[in-house]
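Enquirer: Structure below; questions to follow.
The values are calculated or read from the model by the stated rules, or taken from the named source; none is laboratory data. Everything numeric here is computed off the predicted structure, so don't read it as measured data. Counting neighbours? That spans all protein chains shown, and the Cβs are built from the backbone with ideal geometry, glycine included. These accessible areas exclude ligands, DNA and RNA; they are computed on the full protein's heavy atoms, side chains included. Shrake-Rupley method; radii C 1.70, N 1.55, O 1.52, S 1.80 Å.
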Amino acid sequence: MLTRIIISGFGGQGVLFIGKCLAYSAMLIGKELSWLPSYGPEMRGGTANCSVCISDDAIGSPLVTSPDILIAMNEPSFDKFEKKLCTGGKLFSDNSMIEKKSRRTDIKCFELPASDIAQNNALHRMANIILLGKTIKECSDMLFGINISTVTQVFEKIIPAKKNDLIQKNISALNLGYSM
């Protein structure tokens, strides 16, 4: 089995971070993976996306042209990638930032006001992690069993010691998204 994921939004929204969390999680559970970041030269405020592939077998190409899972954190990302989502795919969108709704009937959509939820729970700039929690909940089969515990271990490994206080905030945001 191969799961192809695209995560997209503005630079500074943590798009690459949640891609890295998924990639490290896959590595922890012994899966094959690829993580391919893409961002404009302006980074913060510009467009950013990353592709993550997770598989039982070797991955032939890190390019994702037709994702199984799409996490869209802003409207330009929704516009660019929603039509590329494969039939039967799952779309996760931050409807605090995206006013549009998918008209596709061949995909499953999960709209979550992640930015508003983050703001209302003193988890500023954690909308990405809230969406990650919701994705893990709804896609456990597609994510080879990656779960809250696995991602928590990843937070502890990749968040630098000088930002250690962010580990608990990330865990709170992850659990909040999972509970939605």
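Enquirer: Keeping all protein chains in position, work out how much accessible area T47 exposes to a 1.4 Å probe, and write it in Å² to the nearest 10.
Expert: Ignoring ligands and nucleic acids, T47 comes out at about 80 Å².
Enquirer: Related question: What shape does segment 1-106 have by the C-alpha gyration tensor, where a ≥ b ≥ c are the square roots of the eigenvalues, rounded means a/c under 1.5, and otherwise prolate means a/b greater than b/c and oblate the rest?
Expert: Oblate, because a/c is 1.5 or more while a/b does not exceed b/c.
Enquirer: Related question: Between N175 and I59, what is the spin-label point distance in nm, taking each point 7 Å from the Cα along the Cα→C-beta axis?
Expert: Those two pseudo-labels are separated by 3.0 nm.
Enquirer: Accessible area of F10, 1.4 Å probe, to the nearest 10 Å²?
Expert: Surface open to solvent at F10 totals about 70 Å².
Enquirer: A further question follows. Give the ranking of I107, I69 by solvent-accessible surface, highest area first, calculated with a 1.4 Å probe.
Expert: Largest accessible area first, the list is I107, I69.
Enquirer: Separate question: Between rounded, prolate and oblate, where does segment 87-180 land on the alpha carbon gyration tensor, with a ≥ b ≥ c its root eigenvalues, rounded for a/c under 1.5, else prolate if a/b exceeds b/c?
Expert: Oblate shape, in that a/c is at least 1.5 and b/c is the bigger or equal ratio.
Enquirer: Moving on. Determine the gain in length on full extension of the stretch M27-D79; use 0.36 nm per residue of separation and subtract their C-alpha separation, reporting nm with one decimal.
Expert: 15.6 nm
Enquirer: Which of the three applies to the chain, rounded, prolate or oblate, going by the alpha-carbon gyration tensor with a ≥ b ≥ c and a/c under 1.5 meaning rounded?
Expert: The shape class here is rounded.
Enquirer: Treating cross-link reach as a plain straight distance, find the lysines whose alpha-carbon is under 20 Å from the alpha-carbon of K108, omitting any fewer than eight places away in the same chain.
Expert: K80, K83, K84, K90, K100, K134, K137
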